[in-house]
Every structure is written in structure tokens, then in C-alpha cells.
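Take a look at the structure set out below.
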Amino acid sequence: MNILVINCGSSSLKFQLIDSGTENVTAKGLCERIGIEGSRIVYNKEGQAKITTETPMPTHKEAIALVLSSLTDAQNGVITSLKEIDAVGHRVVHGGEKFKSSTIINEEVLKAIEECNDLAPLHNPANLIGINACQELMPGTPMVAVFDTAFHQTMPEKAFIYGIPYKYYEKYKVRRYGFHGTSHSYVSHRAAEILGKPIEDLKIIVCHLGNGASVCAIEGGKSIDTSMGLTPLEGLIMGTRSGDIDPAIIDFIAQKENLDLQGVMNVLNKESGVLGISTFTSDFRDLEEGMKKGDPNALRAMEVFAYHLIKYVGSYIAALNGVDVIIFTAGLGENDSYIRQVVCDGLTCAGVKLDPVKNNVRGVEAIVTTDDSTVTAMVIPTNEEVMIARDTVKLVTK
Ligand code: ADP
């Protein structure tokens, strides 16, 4: 089957056309600056060079129309008609407590996703716009929603309840939800496959380290805790997000800097993390360059980031009462041997013994610990799109 996977952001749209039989990506790409001047589509047919076209995309509907015309283009397309797209899998960020797994999209589901807009005002409305635009342009094609939060719905209450009045959970569903679920699920299953062990027997900690970053504790294939919370702001220090802070800082900064609540939230989401600490970049490649030159700003940002990450992994070893596998994934986790080394070296007390030679890898599946290490640390490139395609096939062929 040909599955179109769509990931809509507020001003961007990523897509992949996946052949579910081989799991090959026949074409993929990205629409950027939707609704902003200078919008463009980058289209990449398997085995060919990327084609970038600047063209106006006032809304997501034009973006999806362009994706569909690129896929069916006589010269560079990969299908001859839209009928060859058997189903569409949509990434949806927030499924609240309603969605514990992926689901076929119908009117009722759309309404339920809309009801989660409050919980993810930056993400869910964009996801819905993408779904609506696809439905308009491809009527009759089955569509599936795959939620970032669904994998974490197995968390026990003790892990998802905050230390605030319980009535806020009852009235507004304020609780930990967690994100990156599709990624945490994919890499943990892949680890079990590579190790040839049933996932039911494994205690796994996944470090998903991209621009957004989260850690997840997985027991028997089920998420039992994760570092992101009601929103993706909680947990690890990230590219531009603060992660955990003393909540009293919000009021303190608001008063000192004469900011309103929204102003402070903007600082915490967009001006904090390693960008805020380093004062110059949210990109870990720049931080590594800076460290090589002995830049104290880069050193400080990397040190604080790594320290918090080690503490999180350590706390999840306690939550799981042990750990068999630690997985590094996403941009930084897959590519940055330095951060993997710092984290593993900080966890030698837990039986993690890094092999510096094996750790010298980038973007490929690998075990990076020594043969006699009690805990196996691995690099596993994430593949959220293939998970979305698999769930889509499963649901539409049911
Ligand atoms: P997201 O999907 O959250 O936008 P990615 O998983 O693509 O993020 O990760 C992006 C981050 O990964 C970048 O901010 C960058 O710091 C980091 N990264 C990517 N490649 C490398 C690399 N070769 N070395 C170090 N860090 C890298």
C-alpha cells in the first residue's frame, strides 16, 4: 500500500510517501513558511536530488495541493494519480486522555481532537488544518490520526499527577501527558528486535534528544514515566525550552522584566534552554564547535544540559528499579558521540561502560557499550513516519 504520512506544524508541513510493503520512502519533502512570505516546497524523490520551488502557500490547503501535485507530476512524480494513495497517516500532537492509540479519523474523532486544542494550542490546530485540507483534496481516502501522547497513556497515576490541587485534574485534565511517543515506541521496539529479546522482559530508558528533548522509562514495552508534561516545556533543558524550573521564577521574571504571563512563557519556550544559557545558539553543532575553541558559553550550556540529562536517566533507573538498555535517538542522540559519552560516564555507578571506539558512530544503529557492560547503551535512529505508516495500514486493513 502507498501511505502518505503528513506532519503539519503551524507554518510547515513534512510529508513522506511510504510503500508499506518494503517500508521504502518513495518521495518525501517539506513545505516551509506556510502563510508567510517566501514560502517554498522542497521535494525529494527517492534516489534523486532535492527540488526546491518557491511558490505562495497562503494556507495549509495550498501546501497539501502542492504536495499532491508534486507526487503526481509527470516528470518527477512517483504515482500517476491520487487513487494510488491508499491512506493518509497524520501525526497529531495531543490526544489528551481520550486517545490511547491511533485511530481512524471520522467526524467524532475530529471533534475530540479539537477538544484537545486547549492542551496544545500551538500544535493541534495546525494538525487539524492539515487533516481538513487532505480530506477536501482527497475525499474518500481513509485517514488515520497517530498521537504523540498515546504511547504514554500507560503511565500510572503516581507518575502523571502533579503536586497541585487534584481538582485541576478533575476539572481541566491538568496532568502529565508526555510527547515523542511514536519515537519512544519505535526505538524501544527496534532495540528489542536488535538484541533478540522480548520487549516484555526489558527495562528501557530512551533519550530522544532533538530540538525538543524527552526521556522515557519503558517497562515491558509500556511507558511508565516521561519527562515532558502537560506541554512539551517540562523536563530536560532543550534547544530553546527551559525544561524544569522553579515555578516561582515565572512571577519573579515577570516583575523584574515588566512582562506579562505570555511574555514570560515566550521566554521559557523560545529564548531559554541551551540558547538562553549559551547566549548564542540552540544548535548543538555550534556548541561543540564552541567547546573545541574553549568558549566558556558553549561549555556552560553543554555542561548544564548534560548534568540535567544524567539526573533524569538516573531518576528513571530508580523509577524502573534497574535498567537493561539506554537508547540515544533524534538529531543529537544519533549524531553526537560526545553527549553519549558524558551521559554514559555519568552512569558508571549503574553499570554503564561505554566503548569509545564503538561510540564513534553517527546516525546508524549501534551498540556503544563494551561487551561486559551490565547495561547496553545503543544508538537507534528514530523513524516516526514508518510507525505512523504501520499504524495506518493496521487500522485501514482491519
Ligand atoms: P527536531 O525533530 O526536534 O526538530 P532533530 O531530531 O532534527 O530535531 O534534531 C535537531 C538537533 O540535533 C539540532 O538542534 C542539532 O543541535 C542536533 N544535531 C543534528 N546533527 C548533529 C550533529 N551532527 N552533531 C551534533 N548535534 C547534531
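The values are calculated or read from the model by the stated rules, or taken from the named source; none is laboratory data. This structure is a prediction, so every number in the text was calculated from the model and none was measured. With ideal geometry, Cβ positions are generated from the backbone for all residues, glycine too; neighbour counts draw on all protein chains shown.
Some notes on this structure:
- Taking every residue in the range 374-385 that is assigned to a loop (DSSP other than H, G, I, E, B) and pairing it with any residue that is among the basic types (K, R), at least 6 positions away or on another chain, the pairs with Cβ-Cβ distances below 8 Å are T374/K353; I380/R190.
- The range 272-287 residues that are farther than 18 Å from G333 by Cβ, paired with ones that are within 8 Å of the ligand (Cβ to nearest atom) and not in a helix (DSSP H, G or I) (beta carbon under 6 Å, 6 or more apart): L275/S282
- One residue alone among S242, S188, S223 is of a type in the set (S, T, Y) and either over 24 Å from the mean Cα position of the chain (by Cα) or outside the structural domain of T369 (by the TED database) (or both), and that residue is S188.
- In the range 288-336, residue surrounded by the most Cβ atoms within 10 Å (Cβ to Cβ) [restricted to those that are among the hydroxyl-bearing types (S, T, Y) and farther than 19 Å from T240 by Cβ]: T329
- Filter result for T374 (among the β-branched types (V, I, T), more than 16 Å from the ligand (Cβ to nearest atom) and surrounded by fewer than 16 Cβ atoms within 10 Å (Cβ to Cβ)): yes
- Taken together, the residues in the range 270-287 that are assigned to a helix (DSSP H, G or I) and either surrounded by fewer than 16 Cβ atoms within 10 Å (Cβ to Cβ) or not assigned by the TED database to the domain that holds Y307 (or both) amount to 2.
- Among the residues here, T281 qualifies as under 25 Å from the mean Cα position of the chain (by Cα) and farther than 22 Å from H180 by Cβ.
- Tallying residues that are within 13 Å of the ligand (Cβ to nearest atom) and in a loop (DSSP other than H, G, I, E, B) within the range 333-358 yields 1.
- Complete set of residues in the range 214-241 that are within 16 Å of the ligand (Cβ to nearest atom) and of a type outside the set (A, V, I, L, M): S214, C216, T226, S227, T231, P232, E234, G235, G239, T240, R241
- Leading residue by the ranking (nearest to the ligand (Cβ to nearest atom)) among those in the range 303-332 that are outside any helix (DSSP H, G or I) and touching a Ser or Thr at 6+ places or on another chain (Cβ under 8 Å): T329
- Output for the range 255-274, where each listed residue is among the polar types (S, T, N, Q) and closer than 21 Å to L122 by Cα: Q262, N266, N269, S272
- Of the strands (runs of 3 or more DSSP E) contained entirely in the range 1-75, those carrying at least 2 residues that are surrounded by 14 or more Cβ atoms within 10 Å (Cβ to Cβ) fall at 2-8, 13-19, 24-32, 40-45.
- Whichever residue in the range 262-297 is small (G, A, S) and over 13 Å from I237 (Cα atoms) and, among such residues, is farthest from the ligand (Cβ to nearest atom): G263
- Among (1) within 16 Å of the ligand (Cβ to nearest atom); (2) part of a loop (DSSP other than H, G, I, E, B); (3) modelled with pLDDT of 95 or more, the one test that L259 misses: (1)
- L309 being in contact with a strand residue (DSSP E or B) (Cβ under 9 Å, 6 or more places away or on another chain), of a type in the set (A, V, I, L, M, F, W, C) and assigned by the TED database to the domain that holds L275: yes
- Taken over the range 173-190, residues that are of a type in the set (V, I, T) and touching a helix residue (DSSP H, G or I) at 6+ places or on another chain (Cβ under 7 Å) amount to 2.
- Selection status of F147, within 16 Å of the ligand (Cβ to nearest atom), surrounded by 24 or more Cβ atoms within 10 Å (Cβ to Cβ) and either under 23 Å from H90 (Cβ atoms) or not aromatic (F, W, Y) (or both): no
- Residue within the range 219-228 that is surrounded by fewer than 15 Cβ atoms within 10 Å (Cβ to Cβ) and either in a helix (DSSP H, G or I) or modelled with pLDDT of 95 or more (or both) present: yes
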